[in-house]
1. Go through the range 8-44 residue by residue and tally those that are within 13 Å of the chain's Cα centre (by Cα) and within 19 Å of H120 (Cα to Cα).
2. Do you know which residues across the range 68-93 are of a type in the set (G, A, S), modelled with pLDDT of 95 or more and either part of a loop (DSSP other than H, G, I, E, B) or under 16 Å from D22 (Cα atoms) (or both)?
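The values are calculated or read from the model by the stated rules, or taken from the named source; none is laboratory data. Bear in mind that the values here come from a model prediction, so they are computed numbers and not experimental data.
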Amino acid sequence: MSKAQENVEVVRRGYQAFNTADIETLTKIFDPKASWHTPGRSPVAGDHQGRDAVFTQFGRYGGDTAGTFKATLQDVFASDDGRVVGFHHNSAERNGKRLDTACCIVFEIKDGRIVDGREHFYDLHNWDQFWS
């Protein structure tokens with residue numbers, strides 16, 4: 001299996017673990033110094049440094065939506081430089097609002113662990129309105 005294929009499998013495992021709240025698996029695949037970047041102007045926008053801060057962000061997605069937040073993976077693409085792009089669909093319900101938008105995350109992977117994630121939304125306005 002090529003390095004790019006191994007990195008794709010890390011990302012696939014990450015999506016599965018995220019959607020099932022499998023913290024044990026997430027801990028194995030996220031580097032302790034990982035960073036996460038969420039664009040926009042909503043209360044969840046910003047940069048998060050360190051695995052604990054990243055997991056706090058993930059917990060907010062689930063907690064603030066009473067567990068309805070999902071990232072349904074649609075496809076994964078990899079390059080030989082350690083980057084993987086996961087295309088998915090976000091859905092959730094919160095305070096009478098419904099989230100329904102496409103997203104991609106550009107992951108950087110080193111030595112089999114996620115060291116950086118950058119979210120990019122098809123409809124950033126929908127994302128911001130949902131969290132505001």
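1. 13
2. Across the range 68-93, the qualifying residue is only A71.
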